[in-house]
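These notes are about the structure you will find just below.
The values are calculated or read from the model by the stated rules, or taken from the named source; none is laboratory data. All values derive from a computational prediction rather than experimental measurement. All Cβ positions, even for glycine, are placed from backbone atoms using ideal geometry, and neighbour counts span all protein chains on display.
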Amino acid sequence: MLEKSGKNTKSKMPELPEVHTITQDLKKNILDFEIKNIKIYPNYKIPSDVKKKLISLYGKKIQNVDRIAKNIVIEISKDLFLVFHLAMTGRILLRQEGDKTDSWVKIVFEIEKNGDKKYLKFCDMRQFGKIQVLNKKELELLENKYGISVLDSEITPDKFLEALKSKKTNIKNALLDQKIVSGLGNIYATDALFLANINPKTSTQNLNTNMTEKLLKSSREILNEGIKNRGSTLPDKMYVDIFGKGGNQQNYFKIYGKKVCPVCNSKVEFEKINGRGTYFCPTCQPDIAKDFSAKKSKVETNKISEQKKLL
DNA sequence: ATGTTTGTTCCGAT
DNA sequence: CATCGGAACAAACA
């Protein structure tokens, strides 16, 4: 892990399983390779200052590969970092001479070590992804943008609750806000909420420590399982690892994409929550706010009828 | 033709 | 001024 200035450096904080997989594979395969050439495809819109900064990478060797939240960070020197964010449809592929061509290629880094030549390709169909060249200070600024990581062993249910409550919205939305919790995406957040028996529409203000304890545990479980299975590849085959191979976590989804709850056989509900497709089981993930207000209105109704009696 | 999509940022409304 | 939520970014697929 890149060292956070003055902070605990021993805790490894893997987050999004797909990015983690790519980062680890890159680390095993491109260290000490020299950047010989960089080809930017003409159809790729890249800010001119980034284009200029890329030139400063020529002739340098790759020192390390790491990850900050969902960013892949390639360390070129102590003060020079190449940073990728894949967003929805970005890919990093590591190819050799003669390999088949790839779709949606935007930038190719030709790298070489002891005569071994490889092609590091940045591909992006929808072009929501981002490439940056940063110095150490800018990298620290990037790192500081992110909230707590659920895989950080120092995070407690209390700290988790405090972080989530700072955003007054539903729990699903808070979990996806990287400034609050970094690393969970739509699928993993959906599955983590299911495992914790929490309705995705629950207000963060209605959470308690018992719930965040469960959610912390389920989030860690989901992310660790995703990492073990090298991420998830949906039917569109958008995510693949650096060798072009899909992950396996899609075979272990808990509730995402399901029609029937695997635990209780209830019909799974699908709803757009803050614009993101969300699956949940109405039985295993009851809406506590609804129960609460139903109870409350019942109490009020009783009160009114009592008052009427008195009159 | 329309609606859908693994993420993030920006801007208007409150 | 802070915070929230929806639109926008752009392309392929069903």
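Annotations
- Only one entry in A:43, A:29 is within 16 Å of DNA strand C (Cβ to nearest atom) and more than 16 Å from the chain's Cα centre (by Cα), namely A:43.
- If you go through region A:187-201 and pick out every residue that is closer than 20 Å to residue A:251 by Cα, charged (D, E, K, R) and within 16 Å of DNA strand C (Cβ to nearest atom), you end up with 0.
- Each residue in region A:76-104 was checked for being over 24 Å from the mean Cα position of the chain (by Cα) and either within 13 Å of DNA strand B (Cβ to nearest atom) or of a type in the set (Gly, Ala, Ser) (or both), and 2 of them qualify.
- Conditions (1) at pLDDT 95 or above; (2) of a type in the set (D, E, K, R); (3) at positive phi; (4) surrounded by fewer than 16 Cβ atoms within 10 Å (Cβ to Cβ): number failed by residue A:237: (1)
- Residue within region A:179-190 that is of a type in the set (D, E, K, R) and either free of Cβ contacts under 8 Å to residues at least 12 places away in the same chain or crowded, with 22+ Cβ neighbours inside 10 Å (or both) present: no
For (1) among the hydrophobic types (A, V, I, L, M, F, W, C); (2) touching a strand residue (DSSP E or B) at 6+ places or on another chain (Cβ under 8 Å), each residue gets a yes or a no:
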| site | (1), (2) |
| --- | --- |
| A:156 | no, no |
| A:162 | no, no |
| A:173 | no, yes |
| A:194 | yes, yes |
| A:199 | no, yes |
| A:206 | no, no |
| A:217 | no, no |
| A:230 | no, no |
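- If you check A:233, A:212 for being of a type in the set (Val, Ile, Thr) and either touching a Pro at 6+ places or on another chain (Cβ under 7 Å) or closer than 18 Å to residue A:285 by Cα (or both), only one passes: A:212.
- Filter result for residue A:245 (farther than 28 Å from residue A:26 by Cα and without any contact (Cβ under 8 Å) to a residue 40 or more places away in the chain): no
- Filter result (closer than 18 Å to residue A:26 by Cβ, in contact with a Lys or Arg (Cβ under 9 Å, 6 or more places away or on another chain) and outside any strand (DSSP E or B)) within region A:88-130: A:102, A:129
- Filter result for residue A:184 (within 9 Å of DNA strand B (Cβ to nearest atom) and either under 18 Å from residue A:218 (Cβ atoms) or among the hydroxyl-bearing types (Ser, Thr, Tyr) (or both)): yes
One line per residue, one yes/no per condition, for (1) within 15 Å of DNA strand B (Cβ to nearest atom); (2) assigned by TED's automatic domain parsing to the domain that holds residue A:69; (3) within 26 Å of residue A:157 (Cβ to Cβ):
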{"residue": "A:196", "(1), (2), (3)": "no, no, yes"}
{"residue": "A:212", "(1), (2), (3)": "no, no, yes"}
{"residue": "A:235", "(1), (2), (3)": "yes, no, no"}
{"residue": "A:247", "(1), (2), (3)": "yes, no, no"}
{"residue": "A:257", "(1), (2), (3)": "yes, no, no"}
{"residue": "A:280", "(1), (2), (3)": "yes, no, yes"}
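- For region A:63-102, residues that are crowded, with 18+ Cβ neighbours inside 10 Å, more than 16 Å from DNA strand C (Cβ to nearest atom) and basic (Lys, Arg) total 2.
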